[in-house]
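The values are calculated or read from the model by the stated rules, or taken from the named source; none is laboratory data. If you're wondering where the values come from, they're calculated on a predicted model, not measured in any experiment. Here the Cβ is made from the backbone with ideal geometry for all residues, glycine too, and neighbour counts use every protein chain on show. Protein only, heavy atoms only, side chains kept; ligands, DNA and RNA dropped before computing areas. Shrake-Rupley method; radii C 1.70, N 1.55, O 1.52, S 1.80 Å.
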Amino acid sequence: HRPCPPPPGGGGGDGWLANFVGATQGMDSLERAKALEEDESLAVAHNDMAKRGDTNVAAFTESGPKGSFNAVLHFICYVHAQGKIYELDGLKSGPIQVGEGSAEDLLGVAAAVVSKYAQEADEVRINLLAL
């Protein structure tokens with residue numbers, strides 16, 4: 001698996017994603033991940049969008065504990081592979097199996113895991129996106 005393969009026939013438009021793909025074209029996946037992690041324009045765009053919604057970015061940057069701002073930019077992905085459901089969390093050393101089942105079971109298993117996290121948390125700031 002290689003993130004951001006070049007589109008067939010080249011091109012791909014313009015905007016942040018096209019610029020990122022172009023700037024990281026010669027990088028391997030670890031180098032590209034590092035570039036994504038350090039991309040200031042992505043963080044700025046994210047915070048701009050967050051200010052438009054319910055997320056209180058100021059709580060993360062001004063009154064939150066040191067380093068808590070990173071929580072705003074932390075993403076966890078749930079995937080199905082070979083009859084198992086895994087959590088992919090960049091803060092952990094590798095994939096964690098959170099369940100078993102088919103691709104159709106993915107959403108239900110992921111929702112149960114996220115619900116458990118929310119119940120155990122002192123404070124809950126979660127956004128969910130299903131693709």
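Summary of values
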{"quantity": "Every residue from region 90-110 that is in a helix (DSSP H, G or I) and either in contact (Cβ under 8 Å) with a residue 24 or more places away in the chain or surrounded by 13 or more Cβ atoms within 10 Å (Cβ to Cβ) (or both)", "calculated": "ASP105, LEU106, LEU107, VAL109, ALA110"}
{"quantity": "Verdict on SER93 being at pLDDT below 80 and hydroxyl-bearing (Ser, Thr, Tyr)", "calculated": "yes"}
{"quantity": "Considering residues of region 20-49 that are aliphatic (A, V, I, L, M) and either touching a residue at least 24 places away in the same chain (Cβ under 8 Å) or closer than 23 Å to ASN127 by Cα (or both) only, the residue least open to solvent (accessible area, probe 1.4 Å)", "calculated": "ALA43"}
